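Input: a single structure, listed below in structure tokens.
The values are calculated or read from the model by the stated rules, or taken from the named source; none is laboratory data. The model shown is predicted, which means the values in this text are computed figures rather than measured ones. Cβ coordinates were reconstructed from backbone atoms using ideal geometry, including for glycine residues, and neighbour counts include every protein chain displayed.
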Amino acid sequence: MTSDYWFIVAAVVLIGIGGVFAAVDTAVSTVSNARVDDMVREGRAGARRLAGILDARATYVGLVVLLRVVCETAAVALVAVAATQLIGVGGGLAVAIAAMTVVSYVAVGVGPRTLGRQHAYTIALASSYLLFALGVLLKPLTRLLILIGNALTPGRGFRNGPFATEVELREVVDLAEASGVVAADERRMIQSVFDLGDTSAREVMVPRPEMVWIEADKTALQATSLATRSGHSRIPVIGENTDDVLGIVYLKDLVARTVAQRVDPTTLRVVDVMRDAEFIPDSKPLDRVLADMQRERNHMAMLVDEYGGIAGLVTIEDVLEEIVGEITDEYDTDELAPVEDLGDGSYRVSARLPVEDLGELFDVEIAEEEVETVGGLVGLELGRVPLPGARVEYHGLQLVAEGGPNRQGRQRIITVLVTRVPGAEEESRRDEHRGHSSRSQGRAERAAARDHEDERRAERAARDKGDDAPDADTADRDSADDPRARMNQ
């Protein structure tokens, strides 16, 4: 009888030790390498030993898990033996299973792990010497068990220790904001870093119509004047047209040649001062664009579309703005905000605003795959190139194009005034529910019309096949009926 009670006492002790190992497991898995490195520089006791443990975190976590499992298993066995001797086999096993489930869950599963998360660095530092000693003694056994586990586990196994997916890391950031650990702006920046790999350079570029450029035959004086008027310190140099980018001229190079070296700015040509331009595909992800710019020490790159033409340009500032938000300087005083709340339920948005952002602004689902910007949406609904003053309606929203002439004197839209049409919300929801069936039907009708036109041309070709020399009137009529011929004319 006395031995049975000693079994229970031993089981309680083992459960306590298992709880300690559970707390250490959670603490070691939670602590940050960067924070521990700071502790090493501060000279905290045990910090250097803990840094060595984190270098082999997977091995030590596996060791702690092994010891915890041993303690729990031994405790369950001891309680089962004592219970069967005191109560009997059937009732004793039932009592042992029920009691150890509750005790193990509370004393090992919940309490110690909570403490390990709340006091991760204190527990990790306090246990660093014990962990190191146990690692020296049991490391061969731990490695053997990890190898066996990896052999039986599909995928990467436990070679690199606990790892998380991007979704899990995003959830951790959201939880950190909810608990007040990070501010809302910090959370947004962290999330933006994850989004860099999913964002192409085309989405943040300065499009070709908005580029400031200079011809290669211009002088350094003209380039300097353009740089000071535009506020740009780097300007693309073009040859015959904007698709023929020869290089990039830097304002500091112009100043160095004309001021420091005293070269006459009226005779020095831009082509003699420019540097080579960097060309990248407009579909390249922003994280790779940023890495290339850092490696090449280059702050501007020209974007090339799928047809080999210049789509626009991107600067390192454009990439960084995706992380930290809008960056303005003394030359950006006239720069328009992407979204301006007019206070009456209407907004003035940039024509370059993504259609997804417009949908979020008015809680409307915009599933157009043919366009990416609000300006493109206006043109799609209008059926032609939009000009300032153009007005369209889309899913209960009224879009009015606003703008004026650009540097070349061409009329172009700059902003779009968006208001919700009164009483159109229900109709908008019905349109969304139908899945844009009317637009799909219109596209089908246009496709059918094109097929009918092709059939007519095929019939005329069959009739004329036997004619050796069709007269001019017939040829003129065929050309007039053919829309492609009219377009070429």
Being surrounded by fewer than 18 Cβ atoms within 10 Å (Cβ to Cβ) and part of a strand (DSSP E or B) is the filter here; which residues of the range 232-246 pass it? 246
Quick one: is residue 125 surrounded by fewer than 15 Cβ atoms within 10 Å (Cβ to Cβ), assigned by TED's automatic domain parsing to the domain that holds residue 65 and more than 34 Å from the chain's Cα centre (by Cα)? no
Among the residues in the range 214-224, are any at pLDDT 90 or above, of a type in the set (D, E, K, R) and over 30 Å from residue 415 (Cα atoms)? yes
Among the candidates 208, 229, residue that is surrounded by fewer than 13 Cβ atoms within 10 Å (Cβ to Cβ), within 30 Å of residue 265 (Cα to Cα) and among the basic types (Lys, Arg): 229
Which of the residues spanning the range 179-210 are β-branched (Val, Ile, Thr) and not in a helix (DSSP H, G or I)? 181, 182, 199, 204, 206
Qualifying residues in the range 84-109 (those that are surrounded by fewer than 17 Cβ atoms within 10 Å (Cβ to Cβ) and in contact (Cβ under 8 Å) with a residue 24 or more places away in the chain) - the one nearest to the chain's Cα centre (by Cα): 109
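Results for (1) over 22 Å from residue 301 (Cα atoms); (2) not charged (D, E, K, R), shown as yes or no for each residue.
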| site | (1), (2) |
| --- | --- |
| 184 | yes, yes |
| 192 | no, yes |
| 195 | no, no |
| 215 | no, no |
| 234 | no, no |
| 240 | no, no |
Any chance residue 46 is modelled with pLDDT under 85 and either within 13 Å of residue 124 (Cβ to Cβ) or in contact with a helix residue (DSSP H, G or I) (Cβ under 7 Å, 6 or more places away or on another chain) (or both): yes
What tally of residues in the range 15-35 results from selecting those that are closer than 17 Å to residue 130 by Cβ and part of a helix (DSSP H, G or I)? 14
Just one of the numbered conditions (1) within 31 Å of the chain's Cα centre (by Cα); (2) surrounded by 15 or more Cβ atoms within 10 Å (Cβ to Cβ); (3) at pLDDT below 60 is not true of residue 418; which one? (3)
Whether any residue in the range 211-222 is without any contact (Cβ under 8 Å) to a residue 40 or more places away in the chain, in a helix (DSSP H, G or I) and not basic (Lys, Arg) is what I want to check. no
Among (1) modelled with pLDDT of 90 or more; (2) in contact with a strand residue (DSSP E or B) (Cβ under 8 Å, 6 or more places away or on another chain), there is one condition residue 203 misses while meeting the rest; what is its number? (1)
Just to be sure, is residue 44 among the basic types (Lys, Arg), in a loop (DSSP other than H, G, I, E, B) and in the same structural domain as residue 128 (by TED's automatic domain parsing)? yes
Condition first: in contact with a helix residue (DSSP H, G or I) (Cβ under 9 Å, 6 or more places away or on another chain), at pLDDT 75 or above and closer than 19 Å to residue 55 by Cα. Now tell me which residues in the range 143-165 satisfy that. 143
Which of the numbered conditions does residue 31 fail, given that it passes all the others? Conditions: (1) more than 21 Å from residue 139 (Cβ to Cβ); (2) within 33 Å of the chain's Cα centre (by Cα); (3) modelled with pLDDT of 85 or more. (1)
Only helices (runs of 4 or more DSSP H) wholly contained in the range 272-391 count here; list those with 3 or more residues that are at pLDDT 90 or above and closer than 20 Å to residue 233 by Cα. 286-296, 316-324
Among what's in the range 248-304 and is out of contact with any helix residue (DSSP H, G or I) (no Cβ under 8 Å at 6 or more places or on another chain) and small (Gly, Ala, Ser), pick the residue that is surrounded by the fewest Cβ atoms within 10 Å (Cβ to Cβ). 260
Expected single match for touching a residue at least 60 places away in the same chain (Cβ under 8 Å), out of contact with any strand residue (DSSP E or B) (no Cβ under 6 Å at 6 or more places or on another chain) and either under 19 Å from residue 127 (Cβ atoms) or surrounded by 14 or more Cβ atoms within 10 Å (Cβ to Cβ) (or both) among 61, 40 is 61
